[in-house]
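Engineer: I have a structure here, written as C-alpha cells, and I will follow up with some questions on it.
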Amino acid sequence: MDLTVDMGVWGAVALIVGALVIGVVAQFIGNVRTNYHWIIVSIAALVGGLICSEFVTDWTTFEPVWEGLALVPALVGGLVFGIVADVIARFATGGSYTTPAV
C-alpha cells in the first residue's frame, strides 16, 4: 500500500479553501454555542477531503482531477466528515439546528 500524496500546491490550496467554506457555512446554520465551531468542522472536512481524494485508491482516478486533487471524492469526503463533525460538535456543546443564529 502506497501512502503518497500526489497533490500539487494549488490542489492543496483548493482543498483548504473548500474545507474553510464548509466550516464557515456550518457556523452560520442554526445556533452554535462556541465561536470555534467552524474550526472543528473545517479540520474534519479537510481530513475527509484529503482521505477520499488521495488515500481511497479506487477514487483517486475519479475525474475531474485538478492539480492532483480528485475534486468529486474530495468534495464528498469533505462534506461527509464535515457534517458528522458538525452534528457531534453542535449537540455536544448544546447547540441546535432549529433556533436562528444570534
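Engineer: Among the residues of region 51-101, which ones are of a type in the set (D, E), buried (at least 16 other Cβ atoms within 10 Å of the Cβ) and at pLDDT below 85?
Structural biologist: Scanning region 51-101 gives a single hit, E54.
Engineer: Go through region 28-42 and give me each residue that's touching a residue at least 40 places away in the same chain (Cβ under 8 Å) and not aliphatic (A, V, I, L, M).
Structural biologist: The answer is F28, G30, N31, R33, T34, H37, S42.
Engineer: Condition first: surrounded by 13 or more Cβ atoms within 10 Å (Cβ to Cβ), modelled with pLDDT of 90 or more and over 26 Å from T98 (Cα atoms). Can you find one or more residues in region 23-43 that meet it?
Structural biologist: Within region 23-43, not a single residue is surrounded by 13 or more Cβ atoms within 10 Å (Cβ to Cβ), modelled with pLDDT of 90 or more and over 26 Å from T98 (Cα atoms).
The values are calculated or read from the model by the stated rules, or taken from the named source; none is laboratory data. Predicted model only: the values in this text are computed from it and were never measured. Counting neighbours? That spans all protein chains shown, and the Cβs are built from the backbone with ideal geometry, glycine included.
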